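Working notes for the structure below.
The values are calculated or read from the model by the stated rules, or taken from the named source; none is laboratory data. Quick caveat: nothing in here was measured; it's all calculated off a predicted structure. Note: ideal-geometry Cβ built from the backbone for every residue, glycine included; neighbour counts use all protein chains shown. Side chains included, ligands, DNA and RNA excluded: accessible areas come from the protein's heavy atoms. Shrake-Rupley method; radii C 1.70, N 1.55, O 1.52, S 1.80 Å.
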Amino acid sequence: MLGLHLCSALTLASPPADPRLITTGLRIPGEHYCDQPYVVVHTRGNWLVVMTTGRGVEGEAGQHVIAVRTTDRGHTWSEPVDIEPATGPEASWALPFLTPGGRIYVFYTYNTDNLRSVITDVGPTKRVDTLGDLMFRFSDDGGRSWSAERYRVPVREFECDRTNPYGGKVRFFWQVGKPIAQAGRMYLGLHKVGRLGEGFMCHSEGAVICSDNLLTEPDPNKLHWETLPDGDIGLRAPAGPIADEHNLVPLNDGGLFMTYRTVDGHPCQAYSHDGGHTWSGPEYMTYTPGGRLVKHPRAANFVKKFRNGKYLHWFHNHGGRWYDDRNPAWLLGGVEIDGKLHWSQPEILLYDDDPRVRMSYPDFIEDNGRYYFTETQKEIGRVHVIDRGLLEGVWGERPPRTVAGNGLVAHLTGAEAAAGAGLPAPKLPPLEGRGGFSLELWVRFTDLAAGQALLDGRGPDGKGLALLTTPEEAVAIVLNDGRTECRWRCDRGLLRAGEWHHVVATVDGGPKIITFVVDGVLCDGGEERQFGWGRFSPLLRDANGADTWR
């Protein structure tokens, strides 16, 4: 039964347009294939976007890198300029870097020997866009033209190179995270591939390319290059064979932080406080040092530091072990404490109405006090504006919300609840119109028997909503519009008899997702489930039912 106090707060939302919907973004021009649209804000106030593109699909012949410019933050664009032409060997995975002097470098993987097939564990493949040499060109006019010559970055051989099918004579690698500057040096994350096979890459580990003079040296032939970490082995996963798509970020204390993906259901994190020569770990990423693990599939997870010294982390918030389920994209806000990053609870940043659509490879842009990000679905790249209120929430900049005056529905004593006192049912917004609501309760149980109704707003026909206890020592929400019924529960075993619990159930009509926050922690499924959040049917119209909630 319920304890002595029940407080239920209701938040309603029915926005005219949802900026989290991916199609509200501004499209970036490319060819048919469009990947990794990354931005530099040039010193003249223009944006330069570089990307990997092609007229076919990912990995087909003709894949190359281009640059486009915008002077109005994505509303209009210049004609694309080839950094490498489609008629040459494959050029892929372009990363831009802006020096203090205004020069823009672009680093990319280049199939130097124009190989047409390579050996894999499952037979030969004609995909040859993840091998060759790390090359760069540069521009001194904001991306309008590029150096006539391409330049090779020497990358030190690791054990995984020597033991690949070619004994290191052919190198397999790629890169996704934009280079960063820290302590006068440029750092670039690179992912070495030991073998290709099932899932394309079946063994990978990370390296870091460092230049101590690129920020100031104008002669590309005089640039210094170093491959880190020290030794013969790169940054690996704690368990699985995959550790790739390493993303670097500078720390406020002068150190470096890195995230990278695995096939273990969690991303990895690593810290370096000696310029990248040695790194912590390997260890899976946590919300706080030594705390709960972050869940994430085989997908890019990127961290960005902003001018205010705070951080954002893009990820997908479930424990998948493959490339699937990159929709929605979630966001964590980070602050640095004693050289370690502490992360907020997740918030949805972006979604598509079709759960099968995948979005990834973001870039975050700070321009004139506003925040933007880019992403790609592999065929469409877009620019989006980030809601400042979302950032204030995940960065902890908003004052804590008090219940009074913010949707307080009622306050019931234990005696009133036991006597069956009800709450006047508010009019809930239509879910089919991307509306949504949150139910917030403080509750204490004298026992945790299943089937107890914390709140029941269903009519005789079952139409409406209810919050019920379940056999898993959890709370479930039931939604019924008279045609369709949906339910989802919080994670198992979070409720304990005799203790106060703060429970928030959110029904988000944008991405059609139900989430639970129990005692300040958003449910992520734990070890029991891949997902802690659940989808409800897009056919569900609303959750209005009885005139009284009991």
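Using a 7 Å offset from the Cα along the Cα-to-Cβ direction at both Q345 and F306, what is the distance between the two label points in nm, to one decimal?
2.0
Quick one: accessible surface of K378, probe radius 1.4 Å, all protein chains present, in square angstrom to the nearest 10.
In the full protein context, K378 sits at about 50 Å².
Projected onto the charge dipole of the chain (+1 at Lys/Arg Cβ, -1 at Asp/Glu Cβ, origin at the Cα centre), which of T71, Y38, F97 gives the Cα projection farthest towards the positive end?
Farthest along the dipole direction, towards plus: T71.
If a paramagnetic tag sat 7 Å from the Cα of S117 along the Cα-Cβ line, which residues of segment 126-170 would have the backbone N under 12 Å from that point?
In segment 126-170, the label zone of S117 (backbone N under 12 Å from the point 7 Å along Cα→Cβ) covers 126-127.
Considering only C-alpha atoms, what is the centroid distance from segment 442-457 to segment 189-228, in Å?
Between the Cα centre of segment 442-457 and that of segment 189-228, the gap is 56 Å.
Using unit Cβ charges (K, R positive; D, E negative) and no other charged atoms, how large, in debye to the nearest 20, is the dipole of the chain about its Cα centre? Mind showing how you got there, number by number?
Numbers: 58 positive and 69 negative charges, 113 e Å.
Using Cβ point charges on Lys, Arg, Asp and Glu, the chain gives about 540 debye.
When ligands, DNA and RNA are left out and all protein chains stay put, how many square angstrom of accessible area per residue does segment 328-390 have with a 1.4 Å probe? Mind showing how you got there, number by number?
Values: 2250 Å² over 63 residues.
That works out to 36 Å² for each residue.
Which residue, chosen from F107, A61, N252, occupies the Cα position most advanced towards the positive end of the dipole of the chain, where the dipole is computed from +1 (Lys, Arg) and -1 (Asp, Glu) charges on Cβ about the Cα centre?
So the residue furthest toward the plus end is A61.
Once every DSSP H run of n ≥ 4 in the chain is given -39500 (n - 2.57) and the sum is divided by its residues, what mean residue ellipticity at 222 nm do you get, rounded to the nearest 500 deg cm²/dmol? Walk me through the intermediate numbers first.
Values: 3 runs with 16 residues, N = 550.
My calculation for the chain gives -500 deg cm²/dmol from helical runs alone.
Could you calculate the contour length gain from S537 to E366, that is, 0.36 nm times the residue separation minus the distance between their Cα atoms, to one decimal place in nm?
Working: separation 171, 0.36 × 171 = 61.56 nm, distance 3.63 nm.
Net length gain for the segment: 57.9 nm.
What whole-number distance in Å separates the alpha-carbon centres of segment 110-139 and segment 276-337?
One Cα centre to the other: 29 Å.
Could you look at the chain and say what percent of its accessible area is carbon and sulfur, using a 1.4 Å probe and all protein chains? It would help to have the intermediate numbers written out before the result.
Working: 10940 of 21510 Å².
C and S fraction of accessible area: 51 percent.
Answer with one residue from G436, G396, T87: the one whose Cα lies farthest towards the positive end of the charge dipole of the chain, charges on Cβ with Lys, Arg +1 and Asp, Glu -1.
G436
Using a 1.4 angstrom probe, figure out how much accessible area segment 457-543 has per residue, in square angstrom, rounded to the nearest whole.
On the way: 3400 Å² over 87 residues.
Ligands and nucleic acids excluded, the figure is 39 Å² per residue.
Set the Förster radius R0 to 30 Å, insert the Cβ-Cβ distance between R483 and V57 as r into 1/(1 + (r/R0)^6), and round the FRET efficiency to 0.05. Walk me through the numbers on the way to the answer.
Working: r = 39 Å, r/R0 = 1.31.
Working from the Cβ atoms, E equals 0.15.
Given charges of +1 on the Cβ of Lys and Arg and -1 on the Cβ of Asp and Glu, with all other atoms neutral, how large is the dipole of segment 56-109 about its Cα centre, in debye to the nearest 20?
Values: 3 positive and 7 negative charges, 70 e Å.
Taking the Cα centre of segment 56-109 as origin, the dipole is about 340 debye.
For segment 466-473, just list the computed ³J(HN,Hα) in residue order, Karplus coefficients 6.51, -1.76 and 1.60, θ = phi - 60°, integers in Hz, with x standing in for Gly and Pro.
Here the 3J(HN,Hα) series is 8, 10, 10, 6, 10, x, 8, 6 Hz.
With the other protein chains left in place, how much accessible area per residue, in square angstrom, belongs to segment 83-239 at a 1.4 angstrom probe?
Working: 6030 Å² over 157 residues.
I get 38 Å² per residue for segment 83-239.
Using 0.36 nm times the number of residues separating A449 and Q530, minus their current alpha carbon distance, what extension gain do you get? Don't jump to the answer; show the numbers that get you there.
Working: separation 81, 0.36 × 81 = 29.16 nm, distance 2.58 nm.
Additional length available on full extension: 26.6 nm.
Give me the distance in nm between label points sitting 7 Å out from Cα along the Cα-to-Cβ direction at E159 and K427, one decimal.
Once both label points are built, they end up 6.8 nm from each other.
Past 25 Å, Cα to Cα, is the threshold; run K178/K222; K310/K512; K295/K340; K192/K310; K340/K378 against it and keep the listed order. If you can, show how the numbers build up before the last one.
Details: K178/K222 22 Å; K310/K512 30 Å; K295/K340 19 Å; K192/K310 30 Å; K340/K378 33 Å.
Over 25 Å Cα-Cα: K310/K512; K192/K310; K340/K378.
Got a sec to turn the phi values of segment 256-266 into Karplus ³J(HN,Hα) couplings, 6.51 cos²θ - 1.76 cosθ + 1.60 with θ = phi - 60°, whole Hz, x for Gly and Pro?
10, 10, 9, 10, 7, 8, 9, 10, 10, x, 9
List the trypsin sites (Lys or Arg not before Pro) within segment 151-200 that DSSP assigns to loop and that have no more than 16 neighbouring Cβ atoms inside 10 Å.
R156, K169
Treating the beta-carbon of each Lys and Arg as +1 and of each Asp and Glu as -1, no other charges, what is the dipole magnitude of segment 195-275 about its Cα centre, to the nearest 20 debye?
Values: 4 positive and 13 negative charges, 49 e Å.
So the dipole magnitude of segment 195-275 works out to roughly 240 debye.
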